[in-house]
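Below is one structure, written out as structure tokens, with a few remarks after it.
The values are calculated or read from the model by the stated rules, or taken from the named source; none is laboratory data. In this text, all values refer to a predicted model and were calculated from it rather than measured experimentally. As a convention, Cβ positions derive from the backbone with ideal geometry for all residues, glycine included, and neighbour counts pool all protein chains shown. Note: accessible area is taken over every heavy atom of the protein model, side chains too, but ligands, DNA and RNA are not part of it. Shrake-Rupley method; radii C 1.70, N 1.55, O 1.52, S 1.80 Å.
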Amino acid sequence: MSVARSSMLMAGGTVISRVLGFARAVILALAIGVTTDAADAFGVANQLPNNVYAIIVGGLLNAVLVPQIVKARSNQDGGKGYIDRLLTLIITVFFVVTLAATIAAPLLVSLYTKGWSADQLALATAFAYWCLPQLFFYGLYAILGEVLNARSAFGPYTWAPVLNNLVSLLGLAAFVLIFGADPTGSRAVSNWDASQIALLAGTATAGVAAQALILLFAWRHIGLKLNFNFKWRGFGLRPALKAATWSFGMVLITQLGGLVQTIVASGAVEARATNPAVAGVAAAAIAWLIFMLPHSVATVSIATAYFTKMSTHVQDGKMHLLKADLAAGLRSIAVISVFATVALIVMAYPVSRIFVGEFLATIALGNVLIALMFGLVPFSFVFMMQRAFYALEDTRTPFLFTSIQILIHVAGSLTMAVIVPADSIVMALGALTSFTLVIQSVIAFKLLTRQIGPLGEHKIAVAGVQFISAAAVSMVAGFSTIQVLGGISAGSFVLDSVMSSLVSMIIIGTIMLGVYVMVLRLLKVREIDTVFAGIKGILRR
């Protein structure tokens, strides 16, 4: 299967999963609100395993599994013994870490919050006891999926989250039917009982478990079977462990950044006494969910399809092919990410209206999203470049440029905690994230080209200028359409209701996409044809 078709197959699963994820987020907002104390309590608890999962997929396992499994194919057993031992080791580590984290739930919640009442801390801790077991299942999902990716079976890894979202949706629907909706936070945090906590957080964990366990059927489908093997000595695991050492360092430094940001964001609760619509931890999580949609659909799918190819090129000593695939991946990612950036900036407020009902809360969430969206392109570029480093079995360099980004972010977050008003702190953190991602991407590009040579012949910069030019025209068309529809104001058609916001988004998005594609075709940009070819191939298949 070609890279385009593999990417589109994965993107199809991701699109459906993300649509269901948005539906889940909307029902969650209906159940417990967005700018409420209960929403922040659940947001912190559910964020604990999610933070580690993002790091796992973005670093530790990607850095170790695919290159090592590709290399192990040359063994007499096709790498089966190596895979069994490596996965046994990783699963064991995840089990121990999950057990320790769950026991330490009260400590973790207290670390990630600031200025919360005893009742809100107690609720967050109760949620955390139910949510932290997700760590093990996220880890299991990641390692089972990466083995499938290394065998070029890309579909199951990206389609499994659909099951996760379906289970979670059923749990949330049951919660609303049994206990009622509470979008404004009228249910005090002290009034939550054990059954409410178990249903809300327990079904979230059940969804993650289902997402992981279904991959065992995908393994069986391609003839793989997981056999635990604890004989780790003398079987060539040292290179994987060495690679994992630097990745684990990246885990720690990234966790530090996430910890500081969450603590600072949780301080927004102090401003809720005078303004109930202040964006806090839950609003930051929803903004990140929206931010991650184009990244998950496009970047992860494209980078995953190219990663196995790049790892194979390195093993074959064909560096020129690695460079060509890297450049093609960056261009393909950029053509989608640039448009997604301007589209979500233009539609930030109607998108936010889907999740919250009050005008002030809509504006608050929209401001956070706009500040964050400027970091999408550099974030996606770093993700692709990390895969190139991992294909080269270099985990030290990603640790270095990630450390620089995190240290700048930590310093900026601590400064903002002092100088920025509590009601604007989450928006300021979004802008800071974008700024540090730009710095990280520049450093990563310079370090990568120093290692593999310049990429000038592949005309990435020229393509970028073309994409940005088309996006600028599209952005003007989008803003003009909003004005025709009545602008951004309380009671306007664009923000009047969930349905009117959805209709507005469809109209604005269609016009912006049409203009973007038209300009790219006038500029004779080939990447747009590659995207359409991939879509046609999947539909035909």
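Let's see how each residue does on (1) closer than 20 Å to residue 323 by Cα; (2) part of a loop (DSSP other than H, G, I, E, B); (3) at pLDDT 85 or above:
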residue: 369; (1), (2), (3): no, no, yes
residue: 379; (1), (2), (3): yes, no, yes
residue: 383; (1), (2), (3): yes, no, yes
residue: 387; (1), (2), (3): yes, no, yes
residue: 390; (1), (2), (3): yes, no, no
residue: 400; (1), (2), (3): no, no, yes
residue: 406; (1), (2), (3): no, no, yes
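Collect the residues in region 349-368 that are closer than 29 Å to residue 467 by Cα, of a type in the set (A, V, I, L, M) and surrounded by fewer than 24 Cβ atoms within 10 Å (Cβ to Cβ), keeping them in residue-number order.
Within region 349-368, 354, 363 qualify.
Would you please list the contacts, defined by Cβ atoms under 9 Å and residues six or more apart or on different chains, that run from a residue in region 173-198 that is more than 13 Å from residue 30 (Cβ to Cβ) to a residue that is in a loop (DSSP other than H, G, I, E, B) and open to solvent by 30 Å² or more (accessible area, probe 1.4 Å)?
189/117; 190/117; 196/187
Exactly one of (1) surrounded by 16 or more Cβ atoms within 10 Å (Cβ to Cβ); (2) more than 27 Å from the chain's Cα centre (by Cα); (3) within 26 Å of residue 350 (Cβ to Cβ); (4) touching a residue at least 12 places away in the same chain (Cβ under 8 Å) is unmet by residue 490. Its number?
Checking residue 490 against (1) surrounded by 16 or more Cβ atoms within 10 Å (Cβ to Cβ); (2) more than 27 Å from the chain's Cα centre (by Cα); (3) within 26 Å of residue 350 (Cβ to Cβ); (4) touching a residue at least 12 places away in the same chain (Cβ under 8 Å), the one that fails is (1).
What is the number of the single condition among (1) open to solvent by less than 20 Å² (accessible area, probe 1.4 Å); (2) within 28 Å of residue 264 (Cβ to Cβ); (3) hydrophobic (A, V, I, L, M, F, W, C); (4) modelled with pLDDT under 90 that residue 105 does not meet?
It is condition (4) that residue 105 fails.
Restricting attention to region 330-362, report how many residues are closer than 13 Å to residue 373 by Cβ and not in a helix (DSSP H, G or I).
The total comes to 1.
For (1) surrounded by 19 or more Cβ atoms within 10 Å (Cβ to Cβ); (2) modelled with pLDDT under 75; (3) of a type outside the set (A, V, I, L, M), each residue gets a yes or a no:
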residue: 238; (1), (2), (3): no, yes, yes
residue: 241; (1), (2), (3): no, yes, no
residue: 244; (1), (2), (3): yes, yes, no
residue: 250; (1), (2), (3): yes, yes, no
residue: 265; (1), (2), (3): yes, no, no
residue: 270; (1), (2), (3): no, yes, yes
residue: 273; (1), (2), (3): no, yes, no
residue: 283; (1), (2), (3): yes, no, no
residue: 286; (1), (2), (3): yes, no, no
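Could you check residue 278 against (1) under 30 Å from residue 124 (Cα atoms); (2) assigned to a helix (DSSP H, G or I); (3) open to solvent by less than 10 Å² (accessible area, probe 1.4 Å) and say which number it fails?
(2)
Would you check which residues across region 154-211 are outside any helix (DSSP H, G or I), of a type outside the set (Phe, Trp, Tyr) and touching a helix residue (DSSP H, G or I) at 6+ places or on another chain (Cβ under 7 Å) and list them?
181, 182, 183, 185, 187
Is it fair to say residue 97 is in contact with a Ser or Thr (Cβ under 6 Å, 6 or more places away or on another chain), modelled with pLDDT of 75 or more and part of a helix (DSSP H, G or I)?
Considered against the rule, which asks whether it is in contact with a Ser or Thr (Cβ under 6 Å, 6 or more places away or on another chain), modelled with pLDDT of 75 or more and part of a helix (DSSP H, G or I), residue 97 comes out as no.
So, in region 305-324, how many residues would count as being open to solvent by less than 20 Å² (accessible area, probe 1.4 Å) and not hydrophobic (A, V, I, L, M, F, W, C)?
2
Within region 410-426, track down each residue that is under 14 Å from residue 114 (Cβ atoms), open to solvent by 30 Å² or more (accessible area, probe 1.4 Å) and not hydrophobic (A, V, I, L, M, F, W, C).
Selection gives nothing.
Look at residue 345 and say whether it is touching a helix residue (DSSP H, G or I) at 6+ places or on another chain (Cβ under 9 Å), surrounded by fewer than 22 Cβ atoms within 10 Å (Cβ to Cβ) and more than 22 Å from residue 40 (Cα to Cα).
yes
Of everything in region 396-411, what is farther than 27 Å from residue 449 by Cβ and without any contact (Cβ under 8 Å) to a residue 60 or more places away in the chain? Give them in sequence order.
Result: 411, single match.
Mind checking which pairs have a first residue in region 331-343 that is free of Cβ contacts under 8 Å to residues at least 40 places away in the same chain and closer than 18 Å to residue 509 by Cα and a second that is assigned to a helix (DSSP H, G or I) and open to solvent by less than 20 Å² (accessible area, probe 1.4 Å), Cβ under 7 Å, 6 or more apart or different chains?
Every condition considered, no pair remains.
Let me spell it out: the conditions are (1) touching a residue at least 12 places away in the same chain (Cβ under 8 Å); (2) on the phi < 0 side of the Ramachandran plot, and residue 393 meets all of them except one. Which number is the exception?
Among (1) touching a residue at least 12 places away in the same chain (Cβ under 8 Å); (2) on the phi < 0 side of the Ramachandran plot, the lone unmet condition for residue 393 is (2).
Check every one of the helices (runs of 4 or more DSSP H) wholly within region 456-541 and list those with 1 or more residues that are at pLDDT below 90 and among the aromatic types (Phe, Trp, Tyr).
So the answer is 526-540.
Looking at (1) touching a Leu at 6+ places or on another chain (Cβ under 8 Å); (2) under 30 Å from residue 266 (Cα atoms), which is the only condition residue 420 fails?
Among (1) touching a Leu at 6+ places or on another chain (Cβ under 8 Å); (2) under 30 Å from residue 266 (Cα atoms), residue 420 violates only (1).
Name the residues in region 459-485 that are under 25 Å from residue 405 (Cβ atoms) and either in contact (Cβ under 8 Å) with a residue 40 or more places away in the chain or open to solvent by less than 30 Å² (accessible area, probe 1.4 Å) (or both), would you?
460, 463, 464, 467, 468, 471
Do the conditions hold for residue 260, that is, is it β-branched (Val, Ile, Thr), surrounded by fewer than 21 Cβ atoms within 10 Å (Cβ to Cβ), under 23 Å from residue 41 (Cβ atoms) and at pLDDT below 85?
Yes: the conditions hold for residue 260.
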